[in-house]
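Report on one structure; see the data block that follows.
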């Protein structure tokens with residue numbers, strides 16, 4: 001089978017069907033409400049006209065998909081060390097990606113691609129503002145060989161689903177999640193993401209009902225009518241109970257869909273990660289590209305001996321954008337491992353297991369300032385408004401549980417805010433409920449920021465910020481003299497050492 005990428009190549013012929021399905025899906029998402037409105041308002045219109053319009057709509061999408069397939073080519077320029085993609089029907093686009101900027105190449109397979117028998121090759125870049133590339137329909141052999149060429153590593157291409165039997169006969173997976181483990185992970189983690197997903201879903205339903213109310217000229221929005229009537233205590237408790245069930249159910253379902261059949265296999269110098277129920281993902285984790293490794297655990301997970309690991313790789317943008325979605329897409333998550341499996345993965349990444357030798361704790365002013373900002377100031381503001389607005393006074397009793405809850409949370413935040421140092425590692429511990437340990441090798445630091453406000457000079461208090469290609473690590477309210485000693489030591493090792501950050 002031809003694997004010469006020096007000349008422009010097209011996707012598999014089945015790419016037409018994949019592109020048709022993708023374009024149809026996007027069109028339906030954009031036009032779903034106008035279509036429904038048109039169908040409702042089109043009373044007395046001959047049904048055959050609607051069928052003809054729908055068939056014409058499908059014909060236009062099919063033609064556009066075929067042209068997209070013909071205009072999409074890719075090739076590898078060995079002389080310039082670039083991967084070139086040419087695409088576009090009306091506006092032609094020439095996308096050049098330098099091989100040394102490629103961060104990760106993943107082979108994925110959606111449900112439609114699995115039915116058709118093709119894969120998609122997704123290319124992530126770091127340190128460049130160019131768009132990421134995605135080849136939506138490519139056969140298995142071409143995808144694995146092209147991934148090896150793009151990563152420029154001696155990687156065995158037989159790491160995916162089709163070679164799974166061969167791998168399993170040679171060695172057992174380093175980590176394999178059972179359905180019971182996935183259930184435990186879904187039951188004990190990612191509550192915030194599930195609440196946000198549920199909130200977004202409810203907001204979308206309310207907006208849709210509002211639009212339908214205006215479009216169909218209903219007398220009153222059903223949601224608004226329910227909210228104006230109010231709920232008694234029993235109804236509120238029942239509603240909260242069902243909301244919790246929905247959140248937990250959503251979380252468990254998300255984990256099963258995302259991490260179904262999760263396996264981590266060691267393949268020479270890389271980790272091959274496969275998972276997914278509807279969309280099968282194949283990811284290579286190369287230790288040299290990992291910037292920050294972390295593992296987290298809450299109270300329930302500690303009782304069940306579960307840990308969630310995350311490996312952060314270099315991402316485009318500033319190092320301060322820790323919460324940016326473009327940065328998170330480079331993170332590789334490994335849920336549901338135990339302590340032994342965690343140590344095996346860390347051994348693979350660092351060649352040894354990080355230890356905690358020297359411990360640094362923040363000054364008590366860390367707790368004082370957070371209490372002032374999150375307790376004293378909000379309570380004073382609420383009392384001030386309550387003295388003017390009489391309808392707020394019956395809710396003054398909420399202040400007591402609020403103060404108790406927030407003070408307890410701030411205490412645990414202070415208790416878990418620690419920095420640990422050893423010969424070759426920096427470990428930052430933080431968190432309130434989910435206790436996270438972030439592990440960084442000093443030679444992967446790209447810049448260091450130290451801060452000291454003038455009112456902290458007498459107390460010798462300062463802040464430390466370590467900037468990396470994958471984000472930042474903060475240590476607040478430490479002893480400023482100790483921070484300077486640490487910074488000088490790290491800078492000396494970085495300048496005198498020969499290790500590279502990638």
Please report, in Å, the Rg and the Dmax of region 347-472, where both are computed over Cα atoms only.
19.8, 65
Linear extension gain, residue 10 paired with residue 28, 0.36 nm per residue minus alpha-carbon span
3.8 nm
Residue 89/residue 269 FRET efficiency (R0 60 Å; Cβ-Cβ; nearest 0.05)
0.90
Volume per residue, Å³, of the convex hull around the alpha-carbon atoms of region 428-502?
96
Enter the Cα centre distance for the pair region 65-119 and region 467-484, rounded to the nearest angstrom.
40
Stokes-Einstein D for region 365-413 (10 °C, 1.306 mPa s, Kirkwood Rh from Cα pairs), in µm²/s, comes to 139
If R0 is 35 Å, what FRET efficiency do you get for residue 3 and residue 343 from their C-beta distance, rounded to 0.05?
0.35
Treat the count of other C-beta atoms within 10 Å as a stand-in for reagent exposure and order 181, 449, 144 from fewest to most.
449, 181, 144
With only alpha-carbon pairs counted, each pair once and no self-pairs, how large is the Kirkwood hydrodynamic radius of region 49-103 in angstroms?
13.5
Pop the C-beta distance of residue 373 and residue 481 into the FRET formula with R0 = 35 Å and round what comes out to the nearest 0.05.
0.85
Can you put 26, 456 in order of Cβ neighbours within 10 angstrom, beginning with the fewest?
26, 456
I need 372, 348, 19 ordered by Cβ neighbour count within 10 Å, fewest first.
372, 348, 19
Length added when fully stretched, residue 244-residue 496, from 0.36 nm per residue minus Cα-Cα:
85.3 nm
Kirkwood-based Rg to Rh ratio, region 15-152, C-alpha trace
1.10
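Any read-out appearing in this document is the output of simple, stated calculations on the displayed coordinates, not a laboratory observation. Nothing here was measured: the structure is a model prediction, and the numbers come from that model. Cβ atoms come from the backbone with ideal geometry, glycine included; neighbour counts cover every protein chain shown.
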